[in-house]
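J.: One structure follows; several queries about it will come next.
The values are calculated or read from the model by the stated rules, or taken from the named source; none is laboratory data. Since the structure is predicted, the reported quantities are computational estimates derived from the model, not experimental observations. Here Cβ is always computed from backbone atoms with ideal geometry, including for glycine, and neighbour counts include all displayed protein chains. These accessible areas exclude ligands, DNA and RNA; they are computed on the full protein's heavy atoms, side chains included. Shrake-Rupley method; radii C 1.70, N 1.55, O 1.52, S 1.80 Å.
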Amino acid sequence: MQFTPSQVEVAKLACCSDAAFSNLTPEDYADLQGALESVLRAVLAKDELRKSARGDNGRSTRWWTHPDVTLLCPLTGFPIWLLPYPPFKLRTDAELPGSYHLVDGKFLAMSMIATGCHEVCGRQMQASDIEAIDDYMHRRKLGPHRPGRAAALEKEVQKSSDLEHQAKARRELDSIVRLATAELRKLRYIQENRLHQINSMLPDRAQASLKSLRKSLLSKIDRTSLTVSKQSSASKHRQLSPSAISSAQTIISGGSSKASQK
């Protein structure tokens, strides 16, 4: 199969980091994209038919299902086209607002809250990035919790000299983290089940490529969250229980989903 320079370039840009992408060649990724595009179009067509059967005759206006949109989220490997909400435009450079990756914004926000990790796609998130994610979560009505609020509470826990105020901030932070972790559990379960259905429709080579890509992406997130959690625990910024930290790491890495074991 021959690939145009643009196809290979899209494949090179599909992942946020060379480390996550190194286990697939641009040609392998382009081959995966071709197989996925055909399957996803069939899945979306069936979704439209189901909507029509329910009496919803309005055509989908989901711009993120257009052919020129990157197929896979570079954070999770889940198809951007299948997100029930618009993806988040994550800037590749804080100084270049027109340069961005399309990512699962809900996953990004919940994982940032659950782990305290603000390093995404190879760079540290700035205040403007976190503000943009908070605004995205609010506009898309994806839940009440905001990474910005979690970050502010962490600072209060770290710097407040008022023990009562510090304890109150720690309790609120702990509550936010636990709820975000529970939301991640639901999100991972839903996505893993959807991917299991799609994977069975792919050719063997594409199945292997998708599995390899997702394993690389999610294990990278897991390693990062483990490092950040240990640092946070050591500095007493969060003081979350070991079980809460372990639960967040397991959910982010996909280990809690029964579908991922199939």
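J.: All but one of (1) buried (at least 19 other Cβ atoms within 10 Å of the Cβ); (2) closer than 27 Å to His196 by Cα; (3) at pLDDT 85 or above hold for Pro86, so report the exception by its number.
T.: All conditions are met except number (1).
J.: Further, regarding this structure: If you scan the range 95-142, which residues turn out to be of a type in the set (S, T, N, Q), open to solvent by 30 Å² or more (accessible area, probe 1.4 Å) and out of contact with any Lys or Arg (no Cβ under 8 Å at 6 or more places or on another chain)?
T.: Result: Gln124, Gln126, Ser128.
J.: Residue check, Asp68 against (1) open to solvent by less than 20 Å² (accessible area, probe 1.4 Å); (2) without any contact (Cβ under 8 Å) to a residue 12 or more places away in the chain, all met but one. Which one?
T.: With (1) open to solvent by less than 20 Å² (accessible area, probe 1.4 Å); (2) without any contact (Cβ under 8 Å) to a residue 12 or more places away in the chain applied to Asp68, the lone miss is (1).
J.: If you don't mind, there's one more thing I want to ask. Filtering the range 18-42 down to residues that are open to solvent by 20 Å² or more (accessible area, probe 1.4 Å) and within 21 Å of the chain's Cα centre (by Cα), which residue is modelled with the lowest pLDDT?
T.: The residue in question is Asp18.
J.: Let me spell it out: the conditions are (1) assigned to a helix (DSSP H, G or I); (2) among the aliphatic types (A, V, I, L, M); (3) modelled with pLDDT of 50 or more, and Val10 meets all of them except one. Which number is the exception?
T.: Of the numbered conditions (1) assigned to a helix (DSSP H, G or I); (2) among the aliphatic types (A, V, I, L, M); (3) modelled with pLDDT of 50 or more, the odd one out for Val10 is (3).
J.: Now for a different question. Taking the criterion of being over 23 Å from His101 (Cα atoms), in contact (Cβ under 8 Å) with a residue 24 or more places away in the chain and out of contact with any helix residue (DSSP H, G or I) (no Cβ under 7 Å at 6 or more places or on another chain), would at least one residue in the range 160-182 satisfy it?
T.: Yes, because at least one residue in the range 160-182 is over 23 Å from His101 (Cα atoms), in contact (Cβ under 8 Å) with a residue 24 or more places away in the chain and out of contact with any helix residue (DSSP H, G or I) (no Cβ under 7 Å at 6 or more places or on another chain).
J.: Could you tell me which numbered condition Ala167 fails, if it satisfies all but one of (1) modelled with pLDDT under 95; (2) in a helix (DSSP H, G or I); (3) within 19 Å of Thr115 (Cβ to Cβ)?
T.: Going through the list (1) modelled with pLDDT under 95; (2) in a helix (DSSP H, G or I); (3) within 19 Å of Thr115 (Cβ to Cβ), Ala167 breaks only (3).
J.: So which residues in the range 151-177 are farther than 26 Å from Leu108 by Cβ and buried (at least 19 other Cβ atoms within 10 Å of the Cβ)?
T.: Correct list: empty.
J.: Using beta carbons and a limit of 8 Å, which pairs, at least six apart or on different chains, have the first residue in the range 194-214 and at pLDDT 85 or above and the second one charged (D, E, K, R) and outside any helix (DSSP H, G or I)?
T.: His196/Lys262
J.: Let me ask something additional. Please work out if Gly98 is more than 30 Å from Val157 (Cα to Cα) and of a type in the set (Gly, Ala, Ser).
T.: yes
J.: Which one of the conditions (1) assigned to a helix (DSSP H, G or I); (2) within 18 Å of the chain's Cα centre (by Cα) does Leu142 fail to meet, given that it meets all the rest?
T.: (1)
J.: Moving to a separate point now. Quick one: what pairs do we get from the range 93-106, first residue without any contact (Cβ under 8 Å) to a residue 40 or more places away in the chain and part of a strand (DSSP E or B), second surrounded by 19 or more Cβ atoms within 10 Å (Cβ to Cβ) and β-branched (Val, Ile, Thr), C-beta under 7 Å, 6+ apart or different chains?
T.: Close Cβ pairs (under 7 Å, with a partner that is surrounded by 19 or more Cβ atoms within 10 Å (Cβ to Cβ) and β-branched (Val, Ile, Thr)) amount to Leu102/Thr70; Leu102/Ile80.
J.: Considering only the range 178-203, state which residues are of a type in the set (S, T, N, Q) and either surrounded by 15 or more Cβ atoms within 10 Å (Cβ to Cβ) or in a helix (DSSP H, G or I) (or both).
T.: Thr181, Gln191, Asn193, Gln197, Asn199
Listed here are the residues, each with its yes/no results for (1) farther than 15 Å from Leu83 by Cα; (2) out of contact with any Gly (no Cβ under 9 Å at 6 or more places or on another chain).
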{"position": "Tyr100", "(1), (2)": "yes, yes"}
{"position": "Asp104", "(1), (2)": "no, yes"}
{"position": "Phe107", "(1), (2)": "no, yes"}
{"position": "Ala114", "(1), (2)": "yes, yes"}
{"position": "Val120", "(1), (2)": "yes, yes"}
{"position": "Gln124", "(1), (2)": "yes, yes"}
{"position": "Asp129", "(1), (2)": "yes, yes"}
{"position": "Ile133", "(1), (2)": "yes, no"}
{"position": "Lys141", "(1), (2)": "no, yes"}
